[in-house]
């Protein structure tokens, strides 16, 4: 089993965070997962909404350290 790809978007703001996430998801095979790392709080619900609208699944969202979020996404 391959490791889950990580996409570090710390330092970026909306809508660039979603544009980069969408591009990364498009490169994955269906069912593959990616962890997106963010430090821009408004990007978390934005990425969730956009990913779900396109048929992807938000597997988990966590805040491993204050001000940094990790979103695990599965390509639909």
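Exactly one residue out of 12, 7, 73 is assigned to a loop (DSSP other than H, G, I, E, B) and crowded, with 16+ Cβ neighbours inside 10 Å: that is 12. Taking the range 26-67 as the range and being part of a helix (DSSP H, G or I), surrounded by 13 or more Cβ atoms within 10 Å (Cβ to Cβ) and free of Cβ contacts under 8 Å to residues at least 24 places away in the same chain as the test, the residues that pass are 48, 52.
If I filter the range 6-25 down to residues being within 17 Å of residue 74 (Cα to Cα) and in contact (Cβ under 8 Å) with a residue 40 or more places away in the chain, which single residue comes out as farthest from the chain's Cα centre (by Cα)? My answer is 25.
Only the coordinates and a few stated rules stand behind these numbers; no lab work does. The structure displayed is predicted, hence computed values, not measured ones. Glycine also receives a Cβ, built like all others from the backbone with ideal geometry; neighbour counts cover every protein chain displayed.
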